[in-house]
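So the structure is just underneath, and the comments pick up after that.
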Amino acid sequence: MEHWYSKSLGDGVWAPTARVEIENLFQPSFESAGMPNDMAVFMREEEGQLHCEWIAYFSPAAEQIAKAADARPCNRPARLGLSLLAGNEDCWSELFSDEGV
């Protein structure tokens, strides 16, 4: 089974900096791989212990980027509430075809 990966980006103050770092890691690998539809990073704001925090979710095809970002293996996230951080728009139907819109 291919794993998804997740990483906390911190709260609303820290998340923008972490997002830029992930985008900078992702883009060269994404382009050199031919910009595949199954390679993407998503994010969602979730309840943390004290505050809400942003979590990045890396698809299985983005495994090397996830590892470079020190992300941890996780289950595939539910589509509800996710936004695309990096990748192309066609990734939704590729990675979440069984969930609908």
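The values are calculated or read from the model by the stated rules, or taken from the named source; none is laboratory data. What you are looking at is a predicted structure, and each value in this text was computed from that prediction instead of being measured. Counting neighbours? That spans all protein chains shown, and the Cβs are built from the backbone with ideal geometry, glycine included.
Among the residues of this structure, residue 39 counts as one that is part of a loop (DSSP other than H, G, I, E, B), touching a residue at least 12 places away in the same chain (Cβ under 8 Å) and under 15 Å from residue 96 (Cα atoms).
Would you confirm, using the coordinates I've provided, whether residue 45 is loosely packed, with under 15 Cβ neighbours inside 10 Å and either of a type outside the set (S, T, N, Q) or out of contact with any Cys (no Cβ under 6 Å at 6 or more places or on another chain) (or both)?
Values: loosely packed, with under 15 Cβ neighbours inside 10 Å: no; either of a type outside the set (S, T, N, Q) or out of contact with any Cys (no Cβ under 6 Å at 6 or more places or on another chain) (or both): yes.
So residue 45 fails the test.
The number of residues in segment 57-87 that are farther than 19 Å from residue 32 by Cβ and either touching a Phe, Trp or Tyr at 6+ places or on another chain (Cβ under 7 Å) or at pLDDT 95 or above (or both) comes to 12.
Yes/no matrix, rows are residues, columns are (1) modelled with pLDDT under 95; (2) surrounded by 14 or more Cβ atoms within 10 Å (Cβ to Cβ); (3) aromatic (Phe, Trp, Tyr):
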| site | (1), (2), (3) |
| --- | --- |
| 9 | yes, yes, no |
| 14 | yes, no, yes |
| 50 | yes, no, no |
| 89 | yes, no, no |
| 94 | yes, yes, no |
| 98 | yes, no, no |
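Residue 94 meets all of the listed conditions (1) in a loop (DSSP other than H, G, I, E, B); (2) more than 12 Å from residue 7 (Cα to Cα); (3) of a type in the set (Asp, Glu) but one, namely (1). Does residue 19 meet the test of being modelled with pLDDT under 90, under 13 Å from the mean Cα position of the chain (by Cα) and under 21 Å from residue 92 (Cα atoms)? Here the answer is yes, as residue 19 does meet what is asked.
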